[in-house]
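Notes follow the structure.
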Amino acid sequence: MMDSNYIKIFTGDFIIVQRIISELKAIDINAVVKDSTESARLAGFGGGIIPGFQEIFVNKDELDKAIRIVENISSELKS
């Protein structure tokens, strides 16, 4: 994904990733979730370095809106 129009905006556990994805869908942003652990497992290579962690990528054109969503959710989790 390094040569694409997608930028990683978050790395975290499944539950938080699902919440962010839900919020992004609510404002019509279609994000891409990358789960290296699951991909490796399905390919027969075992788990990844940090099992259960996923990455969220969004199109560069939607970056500003997506970052606000991530920041809002992250600040809620800290308080």
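Any idea how far apart K8 and S79 come out in nm if each label point goes 7 Å out from Cα toward Cβ?
Spacing of the two 7 Å Cα→Cβ label points: 2.9 nm.
Compute the FRET efficiency between L63 and I15 as 1/(1 + (r/R0)^6), taking r as their Cβ-Cβ distance and R0 = 30 Å, and round to the nearest 0.05.
0.80
No value in this document is a laboratory result; all are computed from the given coordinates. Owing to the predicted nature of the structure, the values given are computational and were not obtained by experimental measurement. Neighbour counts are summed over all protein chains in view; Cβ atoms, including those assigned to glycine, are modelled from backbone coordinates with ideal geometry.
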